[in-house]
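*Asks:* What follows is a single structure, and I will ask about it in a moment.
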Amino acid sequence: MVIMTMTSSRAFLPVLERIAEETGRTPGRGRPADYIPALAACDPRSFGMAVAELDGTVYGVGDWRQPFSTQSITKVFTLALDLAREGDELWEHVGREPSGNPFNSLVQLEYEQGIPRNPFINAGALVVTDRLQTRTGDAAGELLAFLRAESGNASLGFDQGVAASESQHGDRNAALAHFMASYGNIDNEIPVLLDQYFRQCSVAASCADLALATTFLARHGIRADGTRLLTRSQAKQVNAVMLTCGTYDAAGEFAYRVGLPGKSGVGGGIIAVVPGRCALSVWSPGLDERGNSVAGVAALDRFTTLTGLSVF
């Protein structure tokens with residue numbers, strides 16, 4: 001076992017290289033999401049992984065500079081942006097508990113009176129986007145500006161084809177939004193909210209971009225320019241919800257294997273945080289039955305095993 005204790009730049013590069021080499025020899029990489037044509041066409045053998053250190057040094061292996069569809073990963077950033085604005089009031093409208101159900105389930109909403117179980121299932125993310133929309137007038141634009149600033153990549157943008165495809169297949173999300181609106185938990189017009197939500201999920205970014213954009217959580221709420229977005233306590237809250245709810249209904253397995261706060265997306269990406277040390281992003285579009293990247297989870301498992309780093 002390799003135990004990394006260095007703090008110099010690119011300290012984890014040998015570990016990433018070893019993980020990439022092992023991943024290349026591993027069969028059975030899952031299947032891309034098939035309900036969005038742009039995702040279904042991805043090669044499940046693609047693999048990239050990046051680490052961003054606290055000082056902004058970023059490096060990676062494989063397809064770590066290749067943009068991909070971030071999908072639900074962006075829910076972390078909209079959560080942080082809204083939490084920074086309204087604080088604990090947000091938690092009156094969305095919970096902090098694992099759902100135990102698929103990410104697009106309507107089951108719990110009725111007997112919990114329109115309050116989603118957590119911010120990372122679709123219902124909860126719709127509430128967070130709705131509240132950010134009320135406070136900014138352009139939730140998706142606010143998200144994109146944040147990602148561009150934190151990643152240093154001004155060319156990040158929305159994939160209009162992905163957004164349109166999600167809109168065409170968005171009946172379940174519309175049903176979630178209407179149902180929560182019936183309980184008074186949605187402020188904006190549903191078509192406006194859905195447009196913002198689908199644009200949010202359509203952002204295309206690379207592992208390098210996402211690792212850099214996530215580093216504010218490793219710095220306990222401090223942005224790349226040195227300003228504070230979240231209090232230390234709020235950053236802890238976001239990391240905690242990522243750990244318990246960030247990988248759909250497989251969060252327990254992810255915590256068991258990886259031991260880090262993480263958030264996945266059906267585009268095959270996963271972000272993870274080592275508080276006080278670094279942020280990671282991995283991408284491989286082949287998914288398991290719960291919507292998480294098969295190679296991505298395995299790579300993060302190997303990273304924490306080889307480095308000895310986890311929150312436990």
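Read-outs: derived from the displayed coordinates by stated rules, not from any lab. Note that this is a predicted model, so its numbers are computed, not measured. Because the Cβ atoms are built from the backbone with ideal geometry, glycine has one as well, and the counts that use them run over all protein chains shown.
*Asks:* Excluding Leu16 itself, what net charge comes from residues whose Cβ is under 13 Å from its Cβ, given Lys and Arg +1 and Asp and Glu -1?
*Replies:* Once all neighbours under 13 Å are counted, the net charge is -2.
*Asks:* Quick one: putting +1 on the C-beta of Lys and Arg, -1 on the C-beta of Asp and Glu, what dipole do you get for the range 54-137 around its Cα centre, in Debye to the nearest 20?
*Replies:* Dipole magnitude for the range 54-137 comes out near 260 debye.
*Asks:* From the square roots a ≥ b ≥ c of the eigenvalues of the alpha-carbon gyration tensor of the chain, which class results: rounded (a/c under 1.5), prolate (a/b over b/c), or oblate?
*Replies:* Prolate, because a/c is 1.5 or more and a/b exceeds b/c.
*Asks:* Another question, if that's okay. Would you work out the charge dipole size for the range 164-312 about its Cα centre, treating the Cβ of every Lys and Arg as +1 and the Cβ of every Asp and Glu as -1, and quote it to the nearest 20 debye?
*Replies:* Dipole magnitude for the range 164-312 comes out near 720 debye.
*Asks:* Still on this model: What number, in percent, do you get for the relative contact order of the range 13-307 if the mean sequence gap of Cα pairs under 8 Å and at least 6 apart is divided by its residue count?
*Replies:* It rounds to 29 percent for the range 13-307.
*Asks:* Here's something else I'd like to know. Below 15 angstrom from the Cβ of Ser206, what's the summed charge of the other residues (Lys, Arg +1; Asp, Glu -1)?
*Replies:* Net local charge, Ser206 excluded: -2.
*Asks:* Let me ask you something else. Test of understanding: in a Gaussian network model of the chain with alpha carbons linked when under 10 Å, which of Thr74, Thr215, Thr23 would top the mean-square fluctuation ranking?
*Replies:* Taking springs between Cα atoms under 10 Å, the residue moving most is Thr23.
*Asks:* Could you size up the charge dipole of the chain around its Cα centre, putting +1 on the beta carbon of Lys and Arg and -1 on that of Asp and Glu, and report it in debye to the nearest 20?
*Replies:* About 900 debye.
*Asks:* If Lys and Arg each add +1 and Asp and Glu each add -1, what is the summed charge of the other residues whose beta carbon sits under 13 Å from the beta carbon of Ala224?
*Replies:* Charge balance near Ala224 sits at -1.
*Asks:* With an 8 Å cut-off on Cα pairs and a minimum separation of 6 or more residues, tell me the relative contact order of the range 40-111 in percent.
*Replies:* After rounding, I find 17 percent.
*Asks:* Give the calculated FRET efficiency between Arg232 and Ser182 to the nearest 0.05, with a Förster radius of 25 Å applied to their Cβ-Cβ distance.
*Replies:* So the FRET efficiency works out to roughly 0.10.
*Asks:* Something else: Which of the trypsin sites (Lys or Arg not before Pro) across the range 60-131 are loop residues per DSSP, with 13 or fewer other Cβ within 10 Å?
*Replies:* Here the sparse-neighbourhood loop sites are Arg65.
*Asks:* Could you compute the FRET efficiency for Thr26 and Thr57, with r as their C-beta to C-beta distance and R0 at 22 Å, rounded to 0.05?
*Replies:* Efficiency computed from Cβ-Cβ geometry: 0.20.
*Asks:* Putting +1 on Lys and Arg Cβ atoms and -1 on Asp and Glu Cβ atoms, find which of Ile121, Tyr256, Ala80 reaches farthest to the positive end of the dipole of the range 13-307.
*Replies:* Tyr256
*Asks:* Another question about this same structure. For the chain, what is the calculated [θ] at 222 nm in deg cm²/dmol (nearest 500), taking -39500 (n - 2.57) for each run of four or more DSSP H residues and dividing by its residue count?
*Replies:* -13500 deg cm²/dmol
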